[in-house]
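Okay, so here's the structure we're looking at.
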Amino acid sequence: MAGKSILADGINLYKKGDYAGSLAFFLALPEDSPVDNIELAYYIGLCYVKLQRNDDALLYLEQVVTAGTDMNRVLQCRYLLAVMYALSGRKKLAKYELEKLLETGYKPSSVYSSLAYVAWQQDSVEESINLYKKSLELDSENPTALNGLGYVLAYEERDLTQALSYCRKALNLAPQSAACMDSIGFVYIKLGLKKDAIKYLTQAHEMLPENKEIIEHLEIAQAE
């Protein structure tokens with residue numbers, strides 16, 4: 001209990017959204033503090049995730065998964081690891097973690113959506129589409145799956161009307177998502193509606209000014 005109380009201030013900072021402050025608190029704890037190292041690793045890993053420092057997050061979340069002391073946290077961290085592996089191009093590791101999650105029945109719609117993204121990265125277009133559809137069968141209002149499927153259909157120039165419908169629904173569900181704004185802008189590019197595309201892509205760019213994909217799409221929309 002003493003270890004739990006020592007972590008309390010850092011946990012409260014995390015819950016308030018002060019991830020940098022929370023991380024600084026945890027990292028400043030003396031090495032001889034009577035805390036549960038796996039509990040500490042869990043919160044440090046989450047802070048790094050929120051701060052988008054994925055390589056640092058991996059080191060700590062892997063400790064939680066390896067320890068296996070709290071199954072709910074193991075599943076949560078395994079999913080986060082899978083997403084980070086996918087984003088960093090480590091597709092085999094991502095697929096391994098996601099398949100392990102499917103075996104447990106953990107958030108199947110989200111897992112299928114993530115598997116679809118990995119398949120898309122591997123140029124397995126049909127598999128990606130089928131996995132996104134499987135995700136939506138389980139949860140028709142999963143914004144990640146809606147957005148992903150809409151983008152893939154647009155990229156492949158298949159049924160652009162349906163692609164726009166998926167992306168619109170995704171944006172309605174996640175109105176502050178730069179990824180959803182980018183996707184709907186991309187669909188408008190494919191439809192030849194550049195004015196509409198620029199509107200959404202500009203908003204996405206303002207939210208994520210260094211995102212290379214958004215910059216590329218915005219440049220295409222702005223080209224004469």
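The values are calculated or read from the model by the stated rules, or taken from the named source; none is laboratory data. Just so you know, these numbers come straight off a predicted model, no measurement behind them. Every residue, glycine as well, gets a Cβ built from its backbone with ideal geometry; the counts of neighbours run over all protein chains shown. Calculation scope for accessible area: heavy atoms of the full protein, side chains included, ligands and nucleic acids excluded. Shrake-Rupley method; radii C 1.70, N 1.55, O 1.52, S 1.80 Å.
Find all pairs meeting these conditions: Cβ atoms under 6 angstrom apart; at least six residues apart or on different chains; first residue within the range 10-25 and free of Cβ contacts under 8 Å to residues at least 24 places away in the same chain and under 13 Å from residue 46 (Cβ atoms); second residue among the hydroxyl-bearing types (Ser, Thr, Tyr) and part of a helix (DSSP H, G or I). Close Cβ pairs (under 6 Å, with a partner that is among the hydroxyl-bearing types (Ser, Thr, Tyr) and part of a helix (DSSP H, G or I)) amount to 13/22. When residue 84 is tested against the conditions (1) open to solvent by 20 Å² or more (accessible area, probe 1.4 Å); (2) modelled with pLDDT under 90; (3) in a helix (DSSP H, G or I), the lone failure is (1). What about residue 111, is it among the aliphatic types (A, V, I, L, M), surrounded by 18 or more Cβ atoms within 10 Å (Cβ to Cβ) and without any contact (Cβ under 8 Å) to a residue 60 or more places away in the chain? Answer is yes for this residue.
Within the range 175-187, residues that are within 10 Å of residue 150 (Cα to Cα) sit with their Cβ atoms under 7 Å from residues that are in a loop (DSSP other than H, G, I, E, B), at 6+ positions apart or across chains, in these pairs: 180/174. Which residues, taken from the range 105-124, are in a loop (DSSP other than H, G, I, E, B) and of a type outside the set (D, E, K, R)? Result: 105, 106, 122, 124. The set of residues in the range 17-54 that are aromatic (Phe, Trp, Tyr) and open to solvent by less than 40 Å² (accessible area, probe 1.4 Å) comprises 26, 42, 43, 48.
Criterion applied to 96, 106, 79, 14 was being modelled with pLDDT of 90 or more and either buried (at least 17 other Cβ atoms within 10 Å of the Cβ) or under 20 Å from the mean Cα position of the chain (by Cα) (or both), and the one residue passing it is 14.
Of all the listed residues (124, 110), the sole one being of a type outside the set (A, V, I, L, M, F, W, C) and in contact with a Ser or Thr (Cβ under 8 Å, 6 or more places away or on another chain) is 110.
Does residue 207 qualify as being surrounded by fewer than 17 Cβ atoms within 10 Å (Cβ to Cβ), touching a helix residue (DSSP H, G or I) at 6+ places or on another chain (Cβ under 6 Å) and of a type outside the set (Gly, Ala, Ser)? When the stated conditions are applied, residue 207 passes them.
Taken together, the criteria exclude residue 57 from residues that are surrounded by fewer than 14 Cβ atoms within 10 Å (Cβ to Cβ), assigned to a helix (DSSP H, G or I) and hydrophobic (A, V, I, L, M, F, W, C). Within the bounds of the range 60-68, is there any residue that is over 18 Å from residue 112 (Cβ atoms), modelled with pLDDT under 90 and surrounded by fewer than 21 Cβ atoms within 10 Å (Cβ to Cβ)? The answer is yes, given that some residue of the range 60-68 is over 18 Å from residue 112 (Cβ atoms), modelled with pLDDT under 90 and surrounded by fewer than 21 Cβ atoms within 10 Å (Cβ to Cβ). Among the residues making up the range 23-51, a single one is hydroxyl-bearing (Ser, Thr, Tyr) and more than 24 Å from residue 85 (Cβ to Cβ): 33. All conditions but one from (1) surrounded by 20 or more Cβ atoms within 10 Å (Cβ to Cβ); (2) more than 30 Å from residue 100 (Cα to Cα); (3) not charged (D, E, K, R) apply to residue 5; the one that does not is (1).
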